[in-house]
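Shown next, in structure tokens, is the structure this report addresses.
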Amino acid sequence: MFHAIPAREKFLKSDATERNYIKKLFLNYALIHFQKKWSLVHNGKQVFHFNPCESLLERITQVTKPEREKKFKPIQYQDKQLELYGVVGDASLHFANAQYFWIFVNGRPVQDRIIKKAIMDAYKRQIVPGSYPFVCLFIEIDPQQVDVNVHPRKSEVKFLDPGSMYSRVHETIVSLIGAEKV
């Protein structure tokens, strides 16, 4: 893609790494826009094909293994300033890496250390240390309450009230999965 632009080619990683970046970006947008058809093809082979879905849960089931659906717990929280929704996995659904760890703020895939800490702390006594839970969390918040200009790619955000955000996410997940190891 960038072979004609030498200044960019030197920044490309290995083919496998670049494919993983593309796969992650593809899955992010397939989750955000679950009502649309998505297809990813590499070297003539279909990697992913998702038909339009009625719900986020249906798309998540398409993205992951269908037998995992019984371990999903829908998350729903709303107050005057914030709405949280999505899916978290029960304590038995954890992984060695963060491949099933998605956070979206106002329809944008992001990485935020406050939200990640709230999620990991909620699962602290539930999963093996060093593993990651299954999380697909959407946060809808007043744009005035979040700064998206923290990172050039807009992949990181900064909340005006990080303590409140931490508490809401942590408490909502703990209320779903419990506080003690099962």
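Order the following by accessible area, largest value first: Val105, Val41. Probe radius 1.4 Å; ligands, DNA and RNA are ignored.
Reading off the accessible areas and sorting them downward yields Val41, Val105.
Which residues does the label zone of Gln76 cover in segment 120-145, counting backbone N under 17 Å from a point 7 Å along Cα→Cβ?
136-140
For segment 11-117, what D do you get in µm² per second when you plug the Kirkwood radius from alpha-carbon pairs into Stokes-Einstein at 20 °C and 1.002 mPa s?
Answer, rounded: 138 µm²/s.
Roughly how many debye, to the nearest 20, is the charge dipole of the chain about its Cα centre, given +1 on each Lys and Arg Cβ, -1 on each Asp and Glu Cβ, and no other charges?
620
Quick one: in the chain, what % of C-alpha pairs are over 21 Å apart?
55
Given Cα pairs under 8 Å that are at least 6 residues apart, what percent is the relative contact order of segment 28-145?
Once divided by the residue count of segment 28-145, the mean separation gives 24 percent.
Set the bar at 29 Å for Cα to Cα. Now go through Lys23/Lys117; Lys70/Lys154; Lys37/Lys154; Lys73/Lys124; Lys13/Lys71 and name every pair that lies beyond it.
Among Lys23/Lys117; Lys70/Lys154; Lys37/Lys154; Lys73/Lys124; Lys13/Lys71, the Cα-Cα distance tops 29 Å for Lys70/Lys154; Lys13/Lys71.
List the residues whose amide H sits under 5 Å from the amide H of Gln111, counting only those 5 or more places along or on another chain, with H placed 1.01 Å from N in the peptide plane.
Glu156, Val157
Could you work out which residue, out of Pro143, Pro109, Pro133, moves most in a Gaussian network model of the chain, that is, has the largest mean-square fluctuation with Cα springs under 10 Å?
With Cα springs under 10 Å in the chain, the top fluctuation among Pro143, Pro109, Pro133 is at Pro143.
Can you list the residues, at least 5 places off or on another chain, whose amide H is less than 5 Å from the amide H of Val47, using H built in the peptide plane?
Counting only residues 5 or more places away or on other chains, the set is Leu40, Val41, His42.
Under DSSP H, which helices of the chain have Cα atoms covering 27 Å or more of the helix axis and a Kyte-Doolittle average no less than 1.6?
none
With springs connecting C-alpha atoms under 10 Å apart, model the chain as a Gaussian network and identify which of His170, His42, His94 has the largest mean-square fluctuation.
His42
Given the options Leu137, Leu93, Leu12, which has the most mean-square fluctuation in a GNM of the chain, springs set between C-alpha atoms less than 10 angstrom apart?
Maximum fluctuation in the GNM of the chain, among the listed residues, is at Leu12.
Given the -39500 (n - 2.57) contribution per DSSP H run of 4+ residues, what per-residue ellipticity at 222 nm results for the chain, rounded to the nearest 500 deg cm²/dmol?
-9500 deg cm²/dmol
Near Lys24, which aspartates and glutamates are there with a Cα under 20 Å away, not counting those fewer than 8 places off in the same chain?
Asp15, Glu58, Asp112, Glu156
The values are calculated or read from the model by the stated rules, or taken from the named source; none is laboratory data. Just so it is clear, the model here is predicted, and its values are computed rather than measured. We place every Cβ from the backbone using ideal geometry, glycine too, and count neighbours over all the protein chains shown. Remember, those area values only see protein heavy atoms, side chains included, never the ligands or the DNA or RNA. Shrake-Rupley method; radii C 1.70, N 1.55, O 1.52, S 1.80 Å.
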